[in-house]
Amino acid sequence: MNPISNIDKSINKISLNREPLQLRLQRRDPSFAERLDSAVKDVNSKQHLADDATQGVMKDEVGIHEGMLAIGRADTSLRLLMQVKSKAMEAYKEIINMQL
């Protein structure tokens with residue numbers, strides 16, 4: 001095998017260190033802030049659905065079981081979001097208190 005052809009192949013490979021920032025940003029996973037934002041929006045929509053279901057139960061448009069399910073989903077999602085917030089705040093406080 002020709003050693004020059006091996007060198008040519010290695011030159012054509014893109015190193016992560018030399019890859020342009022825009023290309024790296026396009027490939028990465030969503031940031032924590034984006035995930036948190038979508039979680040808050042999801043909780044908000046479930047809260048609105050629970051409110052609508054409650055109104056529907058009072059107007060006898062929705063069955064009590066469907067209303068309670070909507071309220072349960074909203075409650076569970078809100079509790080989960082509060083746990084994530086608590087863990088994030090604990091991590092933030094721990095980072096702030098680190099000695100350099």
Cβ-Cβ distance below 6 Å, separation of 6 or more or different chains: which pairs start in the range 71-100 with a residue that is under 27 Å from T54 (Cα atoms) and end on one that is of a type in the set (D, E, K, R) and in a helix (DSSP H, G or I)? R73/K46; A74/K46; S77/K46
Which of the residues that make up the range 40-57 are surrounded by 15 or more Cβ atoms within 10 Å (Cβ to Cβ) and of a type in the set (K, R)? K46
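Rundown of residues vs (1) loosely packed, with under 12 Cβ neighbours inside 10 Å; (2) in a helix (DSSP H, G or I); (3) at pLDDT below 95, yes/no style:
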site	(1), (2), (3)
M1	yes, no, yes
I7	yes, yes, yes
S38	yes, yes, yes
V62	no, no, yes
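Take the range 23-36 and flag every residue that is of a type outside the set (A, V, I, L, M) and at pLDDT below 70.
Filtering the range 23-36 down to residues of a type outside the set (A, V, I, L, M) leaves 24, 26-32, 34-35.
Scanning the range 23-36 gives R24, R28, D29.
The values are calculated or read from the model by the stated rules, or taken from the named source; none is laboratory data. All figures in this text were calculated on a predicted structure; none of them were measured in a lab. Neighbour counts are summed over all protein chains in view; Cβ atoms, including those assigned to glycine, are modelled from backbone coordinates with ideal geometry.
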